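This report concerns only the one structure given below.
The values are calculated or read from the model by the stated rules, or taken from the named source; none is laboratory data. Quick caveat, the model's predicted, so the values are computed rather than measured. Backbone-built Cβ (ideal geometry, glycine too); neighbour counts: all protein chains shown. Side chains are part of the model used for accessible areas, which takes the heavy atoms of the whole protein and leaves out ligands, DNA and RNA. Shrake-Rupley method; radii C 1.70, N 1.55, O 1.52, S 1.80 Å.
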Amino acid sequence: MSPDRRQQHQDTPPPLHTPILPQVVDFGREICGDLWLSERREWLVTNGIGGFASGTVAGSLTRRYHGLLLAALKPPLGRTLLVSKLEETVEYQEKIVQLSTNHWHSGTVSPAGFVFLERFRLEGTTPVWTFAIGNALVEKRIWMEKGENTTYVKYSFTRGSLPIRLNLRAFINHRDYHGITLDTLPEFSTTPIPHGLQILPAEGSPFILSASGGSVEAVHMWYHDYDLPLERERGLPDREHHLHIGTWILDLKPGEEIIWMASTRLKPSRPSASCFELRRRHEMALLHSEPTATQSHPSWPDWIQQLTLAADQFIASRFLTPHNTGHTVIAGYHWFGDWGRDTMISLPGLTLTTGRFDVARSILSTFAQYANQGMLPNRFPDAGEEPEYNTVDATLWYIEAVRQYVDATDDRAFLKTIFPVLIEMLAWYRKGTRFGIGMDPADHLLHAGEPGVQLTWMDAKIGDWVVTPRMGKPVEINALWYQAWLTLGQLARTMKEPHEEFLHIAKAVHTSFQRFWDERLHRCYDVLDGPHGHDPAPRPNQLFAVSLPNSPLTYKQQHAVVDYCARHLYTSYGLRSLGQEDPQYVGQYEGDIRQRDGAYHQGTVWGWLLGPFVLAHFRVYRNPEAARSYLASMAHHLNDYGLGTLGEIFDSQPPFAPRGCIAQAWTVAEILRAWHLIHPSTNKLRTEKPTPQK
């Protein structure tokens with residue numbers, strides 16, 4: 001073993017003597033040896049500040065978002081593709097085998113290294129490839145260092161009768177992660193460093209590529225026309241160029257390993273092998289967190305443990321000032337940043353059910369600093385402009401997240417700090433704020449909307465076309481409105497503050513909410529008092545009037561809502577955003593941007609809605625086994641699309657093909673939350689049947 005590799009082992013913390021991480025995802029040649037099957041399965045690793053690495057099981061690039069280092073240069077945003085891929089060649093027993101796989105725009109697949117892939121698995125969230133070259137086995141692992149824009153790739157020679165020579169060719173780029181490199185090629189210069197290269201883009205900060213041993217040769221050769229089939233499916237430019245910047249040659253004996261790294265930190269913070277052990281320790285700690293403040297977790301099934309690890313991938317640091325760092329939630333990978341609505345919906349499932357109360361408090365405190373005229377930002381733009389406030393429900397979901405946090409922790413100190421913020425939020429909503437958001441004094445319901453603006457979670461907009469404007473009084477907004485006033489009343493009572501006015505408004509909203517009920521359709525209107533009157537569109541938004549802790553509907557009405565959604569909107573992976581009987585229904589999410597966004601909330605299935613549906617079903621039927629059965633398909637989905645995590649959307653026609661983001665925060669969060677709330681050992685829902693209301 002070479003001195004440098006021996007030093008890596010000396011600096012590694014002793015291994016943990018704890019149970020292994022869950023291995024829910026584990027494929028053999030039946031998946032790995034089929035290019036179509038192995039390309040449609042994508043892996044993801046993240047660094048906790050918005051950066052990530054991602055690719056396919058086959059090793060080919062199929063999206064513009066695939067790469068070994070997409071660095072968050074302005075955490076958690078400013079994401080920039082720096083390292084595209086490594087192409088590996090192994091020399092063994094006088095044979096030369098290429099392990100990488102590339103699609104070219106000409107239609108050629110070359111090389112086709114996936115045929116040597118014996119096994120692919122996830123160890124926690126770490127992807128592991130096992131390549132078979134004759135009787136030799138070579139393992140490859142990829143992970144990122146938490147809090148750093150650093151990606152590690154470890155090659156382990158686990159079996160063989162002779163040494164191997166490993167040849168690594170590194171390909172780089174320098175562009176915004178939404179962009180694509182075609183006509184204008186970025187320029188780079190290189191400087192040798194021990195076992196590596198320092199790369200200096202003509203426009204941008206330097207980064208390094210290095211290995212824990214071997215030799216390196218600088219190269220400068222552009223490879224043109226990598227084919228990106230998934231971009232073509234999305235109606236976007238479907239080819240790209242990448243630069244071969246250097247080649248590493250490494251000799252390994254059986255039992256030895258080598259670590260290659262890419263980092264924006266010019267001097268690594270710690271030895272690379274140590275970082276791997278720290279990553280493993282971090283994930284083991286996540287699985288041993290307490291789900292409540294008073295009891296340790298029960299024995300969870302492997303797929304729930306895997307989702308607990310997946311939840312961590314969305315939590316990121318947000319730098320507020322040079323000396324103050326908060327937390328936020330990345331809404332989805334690959335192309336979303338942190339969004340206010342998504343963050344607040346996701347917070348309970350990502351943090352409270354996983355026992356990460358300090359992170360939950362940090363997220364709530366972080367977003368409180370951005371409250372403006374009673375509103376929270378809808379999103380923080382990637383380019384770093386001012387936050388956008390076009391959302392009516394982020395504030396209401398924030399209040400619900402605070403309620404769940406206080407309920408889980410009894411954190412009176414935080415409540416005392418945040419309570420004035422909550423009062424100010426609802427005061428603004430009561431008197432009126434941006435975009436026509438305000439309480440109607442005639443019925444105390446909340447109205448929202450103005451032409452050209454999308455304010456609810458159904459927020460697709462193409463140019464000036466708002467696909468689902470939902471102007472007026474949306475049903476889920478007013479279910480949240482009712483819950484928000486009750487929450488303020490309950491929290492005020494907890495703090496021994498005046499609470500009567502809050503409960504009085506809640507009672508008025510409760511009374512007026514009956515306006516949503518359509519006795520003819522035996523379900524709720526989706527929107528009241530819109531520009532064209534009441535909107536009876538068959539949508540799942542009415543579910544929130546049942547799934548939230550306090551329902552403004554009678555028990556009979558709640559039952560009818562759940563039954564309607566079960567019969568007409570439920571699918572294996574979530575709920576349709578529009579019923580099939582509606583003339584605006586679109587069954588497939590496909591085509592160019594206009595076609596896809598036109599279908600986004602017009603039938604497309606959303607995975608996150610499965611959580612509220614399961615909780616609503618449990619509320620009216622009181623049958624935990626039946627409720628949990630609706631989650632079973634999601635356990636299988638961990639082995640498809642985004643591996644070890646849950647996707648954003650699905651076609652609304654069988655077989656419900658996954659679409660959109662491969663990993664979506666609120667899908668993971670709501671499935672976790674629903675499972676925990678109805679699990680016998682963690683059930684915090686009321687077990688008594690709701691009292692029927694006349």
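Right, Ile423: open to solvent by less than 10 Å² (accessible area, probe 1.4 Å) and not aromatic (Phe, Trp, Tyr) or not? Here the answer is no, as Ile423 does not meet what is asked. Given the condition assigned to a helix (DSSP H, G or I) and open to solvent by 10 Å² or more (accessible area, probe 1.4 Å), answer yes or no: does some residue in region 306-319 qualify? Checked against the condition, which is being assigned to a helix (DSSP H, G or I) and open to solvent by 10 Å² or more (accessible area, probe 1.4 Å), region 306-319 yields at least one hit. When region 409-420 is filtered for residues that are open to solvent by 20 Å² or more (accessible area, probe 1.4 Å) and touching a residue at least 60 places away in the same chain (Cβ under 8 Å), the ones remaining, listed by number, are Thr409, Asp410, Arg412, Lys416. Among the residues of region 200-239, the ones that are under 12 Å from Asn173 (Cα atoms), assigned to a strand (DSSP E or B) and in contact (Cβ under 8 Å) with a residue 60 or more places away in the chain come to 1 in all. Of all residues in region 629-659, those satisfying the criterion of being assigned to a loop (DSSP other than H, G, I, E, B), touching a Gly at 6+ places or on another chain (Cβ under 9 Å) and open to solvent by 10 Å² or more (accessible area, probe 1.4 Å) are Asp640, Tyr641, Gln653, Phe656. Of all the criteria given as (1) open to solvent by less than 30 Å² (accessible area, probe 1.4 Å); (2) modelled with pLDDT under 95, the one not satisfied by Tyr405 is (2). Scan region 336-364 for residues that are over 22 Å from Trp303 (Cα atoms), of a type in the set (S, T, N, Q) and buried (at least 24 other Cβ atoms within 10 Å of the Cβ) and report the count. Qualifying residue count, region 336-364: 1. Taken as a whole, region 176-196 holds no residue that is closer than 30 Å to Ala136 by Cβ, among the hydrophobic types (A, V, I, L, M, F, W, C), in contact (Cβ under 8 Å) with a residue 12 or more places away in the chain and surrounded by 14 or more Cβ atoms within 10 Å (Cβ to Cβ). If you go through region 491-504 one residue at a time, do you hit one that is part of a strand (DSSP E or B), buried (at least 16 other Cβ atoms within 10 Å of the Cβ) and either under 32 Å from the mean Cα position of the chain (by Cα) or not small (Gly, Ala, Ser) (or both)? No, because not a single residue in region 491-504 is part of a strand (DSSP E or B), buried (at least 16 other Cβ atoms within 10 Å of the Cβ) and either under 32 Å from the mean Cα position of the chain (by Cα) or not small (Gly, Ala, Ser) (or both). Hey, does region 252-265 have a residue that's outside any strand (DSSP E or B) and under 28 Å from the mean Cα position of the chain (by Cα)? Looking through region 252-265, at least one residue is outside any strand (DSSP E or B) and under 28 Å from the mean Cα position of the chain (by Cα).
Considering region 320-335 alone, what residues qualify as being open to solvent by 20 Å² or more (accessible area, probe 1.4 Å) and of a type in the set (Ser, Thr, Tyr)? Give the derivation first.
First, the residues of region 320-335 that are open to solvent by 20 Å² or more (accessible area, probe 1.4 Å): 320-325, 327, 335.
The answer is Thr321, Thr325.
Just checking, how many residues over region 505-529 are in contact with a helix residue (DSSP H, G or I) (Cβ under 7 Å, 6 or more places away or on another chain) and surrounded by fewer than 18 Cβ atoms within 10 Å (Cβ to Cβ)? Number satisfying all stated conditions: 1. So for region 564-580 (the condition being at pLDDT below 95, open to solvent by 60 Å² or more (accessible area, probe 1.4 Å) and over 14 Å from Phe650 (Cα atoms)), does at least one residue qualify? Checking region 564-580: not a single residue is at pLDDT below 95, open to solvent by 60 Å² or more (accessible area, probe 1.4 Å) and over 14 Å from Phe650 (Cα atoms).
Among the residues of region 78-99, what is the count of those that are within 28 Å of Arg318 (Cα to Cα) and acidic (Asp, Glu)?
0
Among the residues of region 439-448, are any touching a helix residue (DSSP H, G or I) at 6+ places or on another chain (Cβ under 9 Å), in contact (Cβ under 8 Å) with a residue 24 or more places away in the chain, buried (at least 19 other Cβ atoms within 10 Å of the Cβ) and under 22 Å from Gly355 (Cα atoms)? Among the residues of region 439-448, not one is touching a helix residue (DSSP H, G or I) at 6+ places or on another chain (Cβ under 9 Å), in contact (Cβ under 8 Å) with a residue 24 or more places away in the chain, buried (at least 19 other Cβ atoms within 10 Å of the Cβ) and under 22 Å from Gly355 (Cα atoms), which makes the answer no.
Looking only at residues in region 619-628 that are outside any loop (DSSP other than H, G, I, E, B) and open to solvent by 10 Å² or more (accessible area, probe 1.4 Å), the one that is nearest to Asn550 (Cα to Cα) is Arg619.
List, please: which pairs have Cβ atoms under 7 Å, are six or more places apart or on different chains, and start with a residue in region 254-268 that is touching a residue at least 60 places away in the same chain (Cβ under 8 Å) and end with one that is assigned to a loop (DSSP other than H, G, I, E, B) and of a type in the set (S, T, N, Q)? If the second residue must be assigned to a loop (DSSP other than H, G, I, E, B) and of a type in the set (S, T, N, Q), the pairs left are Ile258/Ser212; Ile259/Ser212; Ser263/Asn149; Thr264/Asn149; Thr264/Ser205.
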